[in-house]
1. How high is the FRET efficiency from Glu47 to Ala126, r the C-beta distance, R0 22 Å, rounded to 0.05?
2. Using only the alpha-carbon atoms, what does region 1-143 span along each of its principal axes? Please give whole angstrom values in decreasing order.
3. Mind checking region 57-124 for trypsin sites (Lys or Arg not before Pro) that DSSP puts in a loop (not H, G, I, E or B) and that have at most 16 other Cβ atoms within 10 Å?
4. Compute log10 of I(q)/I(0) for region 48-105 with the Debye formula, placing one identical point scatterer on every Cα and leaving out solvent, at q = 0.27 Å⁻¹, to two decimals.
5. So, in Å, what gap is there between the alpha-carbon centers of region 70-95 and region 21-46?
6. Where only protein heavy atoms count, and the probe is 1.4 Å, what is the accessible area per residue for region 13-85 in Å²?
7. Which sequence of Trp177, Trp54 reflects their accessible areas, 1.4 Å probe, from the largest down?
8. What's the extension gain from Glu70 to Cys162 if we count 0.36 nm per residue and subtract their Cα-Cα distance?
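The values are calculated or read from the model by the stated rules, or taken from the named source; none is laboratory data. The structure presented is a predicted model; accordingly, all values stated were derived computationally and were not measured. Here the Cβ positions follow ideal geometry from the backbone for every residue, glycine too, while neighbour counts run over all protein chains shown. The protein model used for the area step is the full one, side chains on, heavy atoms only, and it has no ligands, DNA or RNA in it. Shrake-Rupley method; radii C 1.70, N 1.55, O 1.52, S 1.80 Å.
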Amino acid sequence: MDSSATKGLTLHSRTGVAYRFDPGALCLELLTTGGPGPYQRYEVLHEPADLAAWADRSRLTPTPVLEISEAEVANARRLRDALFRVVIAHTRGEPRPPGDLEVINEAAARPDLAPAIAPTGKPQWAGTSCGTHLAATVARDAVELLTGPFVHRIRTCAAEDCHLVYVDTSRPGRRRWCSMEHCGNRHKVRALRARHSKEG
């Protein structure tokens, strides 16, 4: 019941300009909240409200009503960091870290968000969900992505100074940028300037 049709992530460049980023999968949306090592400086998941806010921005539709504990925020960060390392290893053609795979598999083995039909006929989530249900949903999405037909289309943005990861779900499979309006546009501008400097 996740859909990117009605939701997408709005990110901000270093200069503060907002742009839309669709990583193509729920699990990859979580990677925009921070990460291990050098990505710790981008950390935004500090408390339960932060994780709930991420769920609201994510492609989960409708937004789940969540009761999240501090421990579940820590577990979500642990899952995200493990997923980050596994995905980056995959894009580099390196072995996937076994310990990190274990973290993802453990999270995926727990009960996830349960879909239900509202009296209006619209989709909803059953009962009150918690951070563990949310993490399990993300982890199962990661399992599907990393074992599915699009696994070879997981890429890092082609810009040297951008580390956003996405899965190219386009039919031709030629996507190079996190966002055409951000890194794609920056590349076009640089190419144009380089051409003009050669001509001049």
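1. 0.30
2. 48, 38, 29
3. Here the trypsin sites (Lys or Arg not before Pro) that fit, given the DSSP loop and packing criteria, are Arg92.
4. Per q value, in the given order, log10 I(q)/I(0) is -1.01.
5. 9 Å
6. Per residue, region 13-85 has an accessible area of 45 Å².
7. Final ranking, largest accessible area leading: Trp177, Trp54.
8. So the extension gain works out to 30.1 nm.
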